[in-house]
Amino acid sequence: MCVYQDIEEPVDVIALFESGRLQPVKFRWKGRAIKVKQVTGSWKSDVGAHKIRYYAVLDSASNFFQLAYDEKNTSWVLNKIWVE
């Protein structure tokens with residue numbers, strides 16, 4: 001059974017620019033480092049004159065996370081999790 005939770009907490013993220021695109025690689029949440037195994041989707045939302053970029057990511061334990069990068073504030077937020 002999959003459990004969904006809204007989190008909305010700031011997180012530290014290590015990300016790379018690959019082929020001109022931002023890709024999260026690892027993030028820290030609640031003192032735990034979580035390595036991104038796969039980015040399963042990405043999209044953006046316009047917020048006034050700037051954008052928020054969203055990433056659906058999967059870790060090695062098959063847990064899904066939604067991360068958001070705010071271009072204006074150069075900050076990351078963990079929006080949601082889906083845990084099996």
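The values are calculated or read from the model by the stated rules, or taken from the named source; none is laboratory data. Model, not experiment: these values are computed from the prediction. Using ideal geometry, Cβ is built from the backbone for each residue, glycine included, and neighbour counts are taken over all protein chains shown.
Here is how the numbers come out for the structure above:
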quantity	calculated
Pair list, Cβ < 6 Å and 6+ apart or interchain, from segment 1-20 residues that are free of Cβ contacts under 8 Å to residues at least 40 places away in the same chain to residues that are part of a strand (DSSP E or B)	I14/V25; I14/K26; L16/Q23; L16/V25
Options A56, A68; residue that is closer than 16 Å to F17 by Cα, free of Cβ contacts under 8 Å to residues at least 24 places away in the same chain and touching a strand residue (DSSP E or B) at 6+ places or on another chain (Cβ under 8 Å)	A68
Any hit, segment 35-53, residues being of a type in the set (F, W, Y) and surrounded by 11 or more Cβ atoms within 10 Å (Cβ to Cβ)	no
Residues that are surrounded by fewer than 17 Cβ atoms within 10 Å (Cβ to Cβ) and part of a strand (DSSP E or B), drawn from segment 55-64	L58
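To keep it simple, each residue is scored yes or no on (1) at pLDDT below 95; (2) among the charged types (D, E, K, R); (3) part of a strand (DSSP E or B); (4) out of contact with any Lys or Arg (no Cβ under 7 Å at 6 or more places or on another chain).
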position	(1), (2), (3), (4)
M1	yes, no, no, yes
Y4	yes, no, yes, no
P10	no, no, yes, yes
F17	yes, no, yes, yes
V25	no, no, yes, yes
T40	no, no, yes, yes
D46	yes, yes, yes, yes
R53	no, yes, yes, no
